1. Restricting to segment 33-59, name every residue that is surrounded by 11 or more Cβ atoms within 10 Å (Cβ to Cβ) and not in a loop (DSSP other than H, G, I, E, B).
2. Among the candidates Arg163, Arg177, Arg158, Arg88, which residue alone is surrounded by fewer than 16 Cβ atoms within 10 Å (Cβ to Cβ) and under 21 Å from Ala56 (Cα atoms)?
3. Testing Ala76 on (1) part of a helix (DSSP H, G or I); (2) more than 15 Å from Ala207 (Cα to Cα), one condition comes back false. Which one is that?
4. Quick check on Arg130: is it basic (Lys, Arg) and touching a helix residue (DSSP H, G or I) at 6+ places or on another chain (Cβ under 7 Å)?
5. Look at Pro188 and say whether it is closer than 16 Å to Ile25 by Cα and either free of Cβ contacts under 8 Å to residues at least 24 places away in the same chain or crowded, with 18+ Cβ neighbours inside 10 Å (or both).
Amino acid sequence: MQPTDVRSEGIFGFGRRPWHSRAVISWRRRSAESLARLLTDAREQPFSYPEVGATAGELPAGYRHDRWEVDLGVDAAGRFERAREALRGWAAQRAAGISVHPASEPVTADLTFALELQLAPLCFVVAPGRVIYLVDKPDRWGFAYGTLPDHPEQGEERFLIRRERGRVRFEIIAFSRPRRPLVRLAAPVTRLLQLRATQNYLKGIQAAAV
């Protein structure tokens, strides 16, 4: 039987709240019911860091900073529009093998969502977040999301498609740091996984923009 309440504070991030809302790592994929409960809880939670919206300006101190960019090609034949719609539909995350819940919801302002990633045959991570702001202009489209308390890390990530000098480019800007004890202990490994996911984000939008 699946446990419904875990009371011990351990390295997996469990606390004195129901298992379905606190477990960061599990040995199997969440059921649809469990994910629905997690999202219901997450919608009531605040962001897990104070510098909300900082990806729109100067990145805050005390976090790891990341900036990545890739050229998508000549701004012609609908390339910008294809990249924009792919990003809106979570194509970057799905290219990294990440499941997005709710699965049918495109990116919208204030959307609360959960990312589910399989790290190993019996190791799944669920990371809740919320869209902070959208960028919606003729020459650029993107969004930023921030972490919620049940996310294994804390910080913010922005994804942006932009037109520049006759080209279309895709950029990612982020600041983050481990929040859970297990993530801090496994920092070198989690960093490699984070970098691999980012490279797949870039490749996913590249493929969609062709």
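What follows draws every value from the coordinates through simple rules; no lab data is involved. Note that the coordinates shown come from a computational prediction; the quantities given were computed from them, not determined experimentally. Counting neighbours? That spans all protein chains shown, and the Cβs are built from the backbone with ideal geometry, glycine included.
1. Ser34, Leu35, Ala36, Arg37, Leu38, Leu39, Thr40, Asp41, Ala42, Ala54, Thr55, Ala56
2. Working: Arg163 fails: surrounded by fewer than 16 Cβ atoms within 10 Å (Cβ to Cβ); Arg158 fails: surrounded by fewer than 16 Cβ atoms within 10 Å (Cβ to Cβ); Arg88 fails: surrounded by fewer than 16 Cβ atoms within 10 Å (Cβ to Cβ).
Of Arg163, Arg177, Arg158, Arg88, the one residue that is surrounded by fewer than 16 Cβ atoms within 10 Å (Cβ to Cβ) and under 21 Å from Ala56 (Cα atoms) is Arg177.
3. The number of the failed condition is (1).
4. No.
5. Working: closer than 16 Å to Ile25 by Cα: no; either free of Cβ contacts under 8 Å to residues at least 24 places away in the same chain or crowded, with 18+ Cβ neighbours inside 10 Å (or both): yes.
No.
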